[in-house]
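Data block below; observations after.
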Amino acid sequence: MEIVEKCIEQGIFLHPDAKQKLEEQEDPSQLIDKILKEYNFENPVLLPKHIEQYTTKNPGKPKQEKKVESITPKKPRKPEKKETTKKEPEDEPEPVETQNGGIEVVLDVTGRSECEGELKNFYNYFNDRYEKIKKEITKRNGMRNARPVEAVKRGKEDVSVVGIVNEVRGTQNGHKLILLEDMTGEIPTLALKNRDVYSKSEEVLLDEVIGVRGALSDGSDLLMLDDIVWPDLPLSGGKPQSKGDGYIAFISDVHFGSTTFLEDAWNRFVNWLNGEYGGPEHQELVKNIKYLCIAGDLVEGIGIYPGQKEELKTVSITEQYREAARQLKRLPSHINIIISPGNHDAVRQAEPQPAFDEEIQEVFVGEMDNITFVGNPSTIKIAGVEILVYHGRSLDDLIAELPKRSYEKPAEVMSEYVKRRHLAPIYGKKTPLAPENKDYHYVDKPDIIHCGHVHKFGVDQYKGVNLFNTGTWQRQTKFQKKKGIKPDPGRVVLYSLENHEPKIVKFCN
Ligand code: D5M
Ligand code: FE
Ligand code: ZN
């Protein structure tokens with residue numbers, strides 16, 4: 001299993017034929033390390049052709065290359081009977097755990113990972129993604145009578161269908177072709193360049209679940225589009241009804257252990273929390289801060305990017321977490337801290353990432369008992385307020401794919417999570433995903449989504465969901481300088497559990 005696990009770790013699925021080829025080699029484990037190091041991660045499935053250049057012995061077997069489509073099992077299409085044990089995820093009650101300070105962990109992969117890198121995991125994952133989002137889409141106008149792809153193909157009149165996007169591309173004549181698939185089959189759909197629907201077609205992302213309405217063109221399978229529908233949320237449901245008291249403080253991307261960590265700003269924040277910075281009215285305010293939520297990249301980590309070593313205070317990951325524990329211990333002990341990991345933390349890279357393992361937790365537990373460790377993403381509830389904590393790695397992919405989105409307004413990019421009801425619509429790219437049997441990136445109806453990762457600060461609201469991106473505590477790194485990304489460090493969002501309004505507090509210009 002070792003080579004398969006190494007692939008899962010990176011969010012890569014090892015095709016069975018590629019696995020067999022690797023196992024025929026002298027040292028499969030060493031070879032897979034080399035391959036993964038050089039792999040471009042554009043295709044989440046590692047195929048025999050990807051490893052051919054590395055294999056030395058060929059035991060004379062004819063090459064049996066298969067087409068990508070035949071093995072990319074992201075399609076919820078007629079699987080073998082025994083794999084169709086289709087679960088109704090809604091019927092599975094999630095065990096709710098109550099932690100420090102009445103923090104309920106509503107959804108978290110920690111301790112529940114079932115991904116074994118098998119085809120059935122892919123099938124179950126995409127099936128769950130499809131069913132959950134379809135359920136929402138079919139509540140929207142014009143989509144109530146959505147029918148399966150195969151039934152639509154036989155129809156004549158106006159039709160609607162919900163499918164996973166298998167391909168999006170511009171045609172030679174400037175129209176947009178979108179290939180949609182459900183468990184019954186695949187259908188090509190076309191947004192004509194001179195129709196209103198065209199601008200919507202430009203927002204369609206690969207692998208996401210969308211609904212479409214249109215009419216079949218005469219004598220063919222091609223569906224001419226009138227509209228594209230995302231699941232989204234209906235208009236704002238208003239503020240949470242609950243009436244708690246005190247504040248939750250939100251921060252992210254602290255990067256302890258980096259030479260670019262902004263110690264002065266952090267010290268101001270710590271002093272402020274202890275009532276030693278900011279004057280009497282601040283003292284009154286900070287007394288009421290009951291929770292601190294940290295959305296990943298707690299430490300700088302090691303081996304994350306090439307050349308990162310030059311910016312490390314220490315190359316010992318345990319020492320970095322010890323420093324984190326020392327720093328968090330300086331905060332008032334009545335503050336309940338929630339820690340979710342990011343791509344710099346020492347857990348598996350593929351999302352959903354579990355909480356820090358026991359060894360790392362012990363570094364903190366020895367020091368303090370007010371921390372709740374959760375996975376990434378995870379949903380927690382505090383005083384009736386539902387918070388979706390997600391580091392935000394997929395923001396890089398959304399910004400790259402959607403021309404109207406940019407690093408300058410990170411909270412607005414997060415509204416895409418609500419519109420698409422998904423935290424990682426594109427499978428692969430810069431966001432490695434482990435195909436769990438259940439889709440942990442589905443977005444239900446949180447009151448708050450809290451992200452970090454892009455090191456840009458922003459607060460926004462969309463359809464009643466508060467969107468916070470809490471920036472960083474690290475100054476511009478060499479990479480960011482090269483890319484022209486100017487970080488927004490030393491900022492905190494305070495959310496009132498009483499009036500449900502956010503406030504911004506700055507500790508750095
Ligand atoms: O991510 C901070 C931001 O910078 C995030 O948008 C990714 C981007 N970033 C930083 N370094 C790199 C490299 N080397 N490659 C690609 N993208 C990068 P963080 O998770 O804190 O590193
Ligand atoms: Fe970061
Ligand atoms: Zn990050």
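Can you say whether Pro403 is surrounded by fewer than 19 Cβ atoms within 10 Å (Cβ to Cβ) and away from ligand 1 (no atom under 16 Å from the Cβ), as far as the supplied structure shows? Judged against the criteria, Pro403 is a match.
Checking Lys409, Lys419, Lys463, Lys429 one by one, the residue that is buried (at least 19 other Cβ atoms within 10 Å of the Cβ) and among the basic types (Lys, Arg) is Lys429 and no other. Taking the criterion of being surrounded by 19 or more Cβ atoms within 10 Å (Cβ to Cβ), within 16 Å of ligand 1 (Cβ to nearest atom) and either at pLDDT below 95 or of a type in the set (D, E, K, R) (or both), would at least one residue in the stretch 350-371 satisfy it? Scanning the stretch 350-371 turns up at least one residue that is surrounded by 19 or more Cβ atoms within 10 Å (Cβ to Cβ), within 16 Å of ligand 1 (Cβ to nearest atom) and either at pLDDT below 95 or of a type in the set (D, E, K, R) (or both). Give all pairs with beta carbons closer than 6 Å in which a residue from the stretch 131-155 that is of a type in the set (Lys, Arg) meets a residue that is at pLDDT below 95; count only pairs at least 6 apart in sequence or on separate chains. Filtered contacts from the stretch 131-155: Lys153/Asp221. Taken over the stretch 264-306, the criterion of being more than 16 Å from Gly342 (Cβ to Cβ), of a type in the set (Gly, Ala, Ser) and within 16 Å of ligand 2 (Cβ to nearest atom) is satisfied by Ala265 alone. When restricted to residues that are under 23 Å from Ser236 (Cβ atoms) and within 16 Å of ligand 3 (Cβ to nearest atom), the stretch 450-487 contains 6. Inside the stretch 445-496, residues that are of a type in the set (Asp, Glu) and more than 14 Å from ligand 2 (Cβ to nearest atom) make up a count of 2. Looking only at residues in the stretch 154-167 that are of a type outside the set (Ser, Thr, Tyr) and crowded, with 19+ Cβ neighbours inside 10 Å, which one is nearest to Met224 (Cα to Cα)? The selected residue is Val159. When the stretch 348-400 is limited to residues that are in a loop (DSSP other than H, G, I, E, B), in contact with a Gly (Cβ under 9 Å, 6 or more places away or on another chain) and within 16 Å of ligand 2 (Cβ to nearest atom), the one that is nearest to Ala325 (Cα to Cα) turns out to be His391.
Selection of the stretch 445-502 for residues being of a type in the set (Lys, Arg) and either part of a loop (DSSP other than H, G, I, E, B) or touching a residue at least 24 places away in the same chain (Cβ under 8 Å) (or both) yields Lys445, Lys456, Lys463, Arg475, Lys478, Lys486, Arg491. Every condition in (1) more than 16 Å from ligand 3 (Cβ to nearest atom); (2) without any contact (Cβ under 8 Å) to a residue 40 or more places away in the chain; (3) not aromatic (Phe, Trp, Tyr) holds for Gln308 except the one numbered (1).
The values are calculated or read from the model by the stated rules, or taken from the named source; none is laboratory data. Here the structure is a predicted model, which is why all the values come from computation and not from measurement. Here the Cβ is made from the backbone with ideal geometry for all residues, glycine too, and neighbour counts use every protein chain on show.
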